[in-house]
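The values are calculated or read from the model by the stated rules, or taken from the named source; none is laboratory data. Quick caveat: nothing in here was measured; it's all calculated off a predicted structure. Methodologically, a virtual Cβ is constructed for each residue, glycine included, from the backbone with ideal geometry; neighbour enumeration extends over all protein chains shown.
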Amino acid sequence: MRIAMIGTGYVGLVSGACFADFGHHVTCVDQDMAKIAALEAGIMPIWEPGLEALVTANVAQGRLDFTTALAAGIAGAEAVFIAVGTPSRRGDGHADLTFVYAAVRELARALTGPVVVVTKSTVPVGTGDEIARILVEEGAPAGTSVASNPEFLREGAAIRDFKIPDRIIVGAEDERAREVMREIYRPLFLNQAPIVFTGRRTAELTKYAANAFLAMKISFINEMADLCEAVGADVQEVARGIGLDNRIGAKFLHAGPGYGGSCFPKDTLALLRTAEEAGVKQRIIATVVAVNDARKAGNADRVRRAVGGDLTGKKIGVLGLTFKPNTDDMRDAPSIPLIEGLIAGGASVTAFDPVGREQAEPLLAGAEFAADAYAVADGADALVVVTEWDEFRGIDLGEMARRMRGNALVDLRNVYDPAEAARAGLDYRGVGRGTFSTREGT
Ligand SMILES: NC(=O)c1ccc[n+]([C@@H]2O[C@H](COP(=O)([O-])OP(=O)(O)OC[C@H]3O[C@@H](n4cnc5c(N)ncnc54)[C@H](O)[C@@H]3O)[C@@H](O)[C@H]2O)c1
């Protein structure tokens with residue numbers, strides 16, 4: 001089948017490359033000329049494990065190509081996916097659908113025959129209805145239909161998630177859309193991936209409900225971590241103890257600096273706005289958002305306490321900047337308010353991230369960047385682990401301690417064994433490991 005993908009970001013590029021790998025012919029369209037030129041030269045615009053090899057192989061086999069020209073890109077396509085960004089609208093938290101509607105208008109004017117327009121972007125309930133209305137308004141060919149196919153891939157494991165999904169959600173209102181979607185995903189149900197057909201509105205809401213639930217698990221365990229610190233319990237063991245219960249599940253129960261990234265922060269806010277407009281309270285998610293905001297805002301204070309209560313003149317080494325490992329994505333990363341808070345408190349910050357520096361540098365005015373993980377320890381009063389990159393797990397803590405002038409290790413991801421850190425001479429403070437109650441500074 002011929003597929004066009006409008007928007008060649010994390011989701012569009014990964015989805016396009018994977019569809020091509022299933023044997024479809026995919027054209028990825030993007031208005032960003034530099035991005036398309038880079039892709040045509042074999043340079044990936046994002047850092048995602050396995051992506052370059054997948055793209056290169058499918059381009060070489062003639063199943064994947066790139067263009068900035070939408071009309072040419074959609075020629076002959078039976079399905080046109082919309083995978084443009086839907087960021088938070090400044091000020092009110094609504095999903096900003098400007099990019100979606102602009103893409104749909106341009107598409108409608110370029111269509112020469114009916115297609116299935118599939119929304120892969122995360123969009124609020126009712127967006128599919130509005131897209132259908134715009135298509136008619138712009139004179140799209142009769143028989144053009146609109147489906148919702150929200151994407152659940154995780155950055156850092158995006159290709160695996162796309163190819164071995166827990167489920168595929170398709171919201172459609174007509175049989176032709178369902179048939180086209182079944183055909184597109186056929187290679188996956190040969191692997192038994194469950195495909196769930198729903199109405200369009202249900203599919204749209206399912207995506208928000210999934211992200212809100214996962215964000216809730218994170219905020220739940222973060223609050224439980226605070227309680228563990230106060231009463232001398234270990235949240236890692238609490239998480240394991242509850243996570244072994246199949247009804248709860250072990251995933252998303254890692255206490256830490258609060259969730260960030262391109263999805264949870266904006267999607268929880270957008271869900272709240274949808275609920276508000278519908279006149280329905282979503283008190284749990286409102287609390288999740290507040291808990292997470294407070295968590296991110298409080299991380300600098302954890303470091304302040306670890307260095308004796310005053311950040312003035314302190315030198316802090318930060319390990320990891322991206323919102324999670326295996327991505328270069330810095331959107332809403334907890335490292336941003338942390339580093340801003342440290343600098344505002346009078347500290348100087350030297351940071352290292354294995355791949356995120358280019359994205360991070362423009363966002364972190366005042367921070368310095370080290371060339372490797374060990375260099376952040378040089379002369380530092382405290383080290384803070386913000387992102388749990390694998391390369392930090394195996395670090396020689398003794399060597400870090402020798403390079404430091406102080407000895408505080410604030411492990412916001414609980415990657416180190418407290419006993420090992422103590423043997424290295426470090427004053428270890430994890431999250432929810434009962435350590436804050438016994439070593440509290442001012
Ligand atoms: N990143 C994730 O992990 C993830 C996971 C699931 C769902 N989503 C959702 O997928 C959507 C896309 O997210 P992303 O992270 O891939 O965004 P992104 O910002 O990485 O990419 C969006 C791309 O769309 C392009 N674009 C915008 N308007 C266009 C137009 N009119 N024509 C052509 N190209 C256009 C931009 O230039 C950009 O390259 C969002 O709704 C997001 O919520 C993201």
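List the pairs whose first member sits in the stretch 36-48 and is on the phi > 0 side of the Ramachandran plot, whose second member is away from the ligand (no atom under 11 Å from the Cβ) and assigned to a loop (DSSP other than H, G, I, E, B), and whose Cβ atoms are under 8 Å apart, counting only residues at least 6 apart or on separate chains?
Listed by first residue and then by second, the contacts come to nothing, as the list is empty.
Name the single residue that is farthest from the ligand (Cβ to nearest atom) among those in the stretch 326-378 being surrounded by 21 or more Cβ atoms within 10 Å (Cβ to Cβ) and hydroxyl-bearing (S, T, Y).
S335
Among the numbered conditions (1) touching a residue at least 60 places away in the same chain (Cβ under 8 Å); (2) closer than 30 Å to V146 by Cα; (3) among the hydrophobic types (A, V, I, L, M, F, W, C), tell me where V288 comes up short.
(2)
Going by the structure shown, is G308 part of a loop (DSSP other than H, G, I, E, B), in contact (Cβ under 8 Å) with a residue 40 or more places away in the chain, surrounded by fewer than 21 Cβ atoms within 10 Å (Cβ to Cβ) and of a type outside the set (D, E)? Can you show your working first?
Values: part of a loop (DSSP other than H, G, I, E, B): yes; in contact (Cβ under 8 Å) with a residue 40 or more places away in the chain: yes; surrounded by fewer than 21 Cβ atoms within 10 Å (Cβ to Cβ): yes; of a type outside the set (D, E): yes.
Judged against the criteria, G308 is a match.
Six or more apart or on different chains, Cβ under 6 Å: which pairs go from a residue in the stretch 397-410 that's modelled with pLDDT of 95 or more to one that's assigned to a strand (DSSP E or B) and among the hydroxyl-bearing types (S, T, Y)? Could you list them?
Final answer for the pair search is L409/Y428.
Taking V14, is it β-branched (V, I, T), closer than 16 Å to D328 by Cα, within 13 Å of the ligand (Cβ to nearest atom) and at pLDDT 95 or above?
On the way: β-branched (V, I, T): yes; closer than 16 Å to D328 by Cα: yes; within 13 Å of the ligand (Cβ to nearest atom): yes; at pLDDT 95 or above: yes.
Yes; evaluated as a whole, the condition is true for this residue.
Among (1) of a type in the set (S, T, Y); (2) more than 9 Å from the ligand (Cβ to nearest atom); (3) in contact (Cβ under 8 Å) with a residue 24 or more places away in the chain; (4) not in a strand (DSSP E or B), where does T86 come up short?
(2)
Out of the residues in the stretch 187-197 that are free of Cβ contacts under 8 Å to residues at least 60 places away in the same chain and in contact with a Phe, Trp or Tyr (Cβ under 9 Å, 6 or more places away or on another chain), state the one that is surrounded by the fewest Cβ atoms within 10 Å (Cβ to Cβ).
Top of the filtered list is A193.
Given the structure, is A95 under 27 Å from V280 (Cα atoms) and either surrounded by 21 or more Cβ atoms within 10 Å (Cβ to Cβ) or aromatic (F, W, Y) (or both)?
yes
What is the one condition in (1) buried (at least 16 other Cβ atoms within 10 Å of the Cβ); (2) away from the ligand (no atom under 13 Å from the Cβ) that P114 does not satisfy?
That leaves (1) as the condition not met.
So M224 clears everything in (1) under 21 Å from the mean Cα position of the chain (by Cα); (2) surrounded by fewer than 22 Cβ atoms within 10 Å (Cβ to Cβ); (3) assigned to a helix (DSSP H, G or I) except one condition, right? Which one?
The number of the failed condition is (1).
Output the number of residues of the stretch 259-286 satisfying the condition of being under 18 Å from G156 (Cβ atoms) and in a loop (DSSP other than H, G, I, E, B).
Selection size over the stretch 259-286: 5.
From the residues in the stretch 117-153 that are part of a loop (DSSP other than H, G, I, E, B) and charged (D, E, K, R), which one is farthest from the ligand (Cβ to nearest atom)?
Of the residues in the stretch 117-153, the ones part of a loop (DSSP other than H, G, I, E, B) are 120-126, 138-144, 149-153.
This time we only want the ones that are charged (D, E, K, R), so: 120, 138, 151.
On the way: K120: 6, E138: 14, E151: 4 Å.
Ranking the qualifying residues of the stretch 117-153, first place goes to E138.
Which count do you get for residues in the stretch 95-111 that are within 13 Å of the ligand (Cβ to nearest atom) and either in a loop (DSSP other than H, G, I, E, B) or within 18 Å of the chain's Cα centre (by Cα) (or both)?
Count: 3.
Do we have D381 as crowded, with 19+ Cβ neighbours inside 10 Å, out of contact with any Leu (no Cβ under 6 Å at 6 or more places or on another chain) and modelled with pLDDT under 95 here?
It is false that D381 is crowded, with 19+ Cβ neighbours inside 10 Å, out of contact with any Leu (no Cβ under 6 Å at 6 or more places or on another chain) and modelled with pLDDT under 95.
I'm told D161 meets every condition in (1) within 16 Å of the ligand (Cβ to nearest atom); (2) in a helix (DSSP H, G or I); (3) in contact (Cβ under 8 Å) with a residue 24 or more places away in the chain except one. Can you identify the failing condition by its number?
Exception for D161: condition (3).
Looking at V235, V170, V146, can you tell me which residue is over 30 Å from V288 (Cα atoms), crowded, with 22+ Cβ neighbours inside 10 Å and of a type in the set (V, I, T)?
Sole residue among the options that is over 30 Å from V288 (Cα atoms), crowded, with 22+ Cβ neighbours inside 10 Å and of a type in the set (V, I, T): V146.
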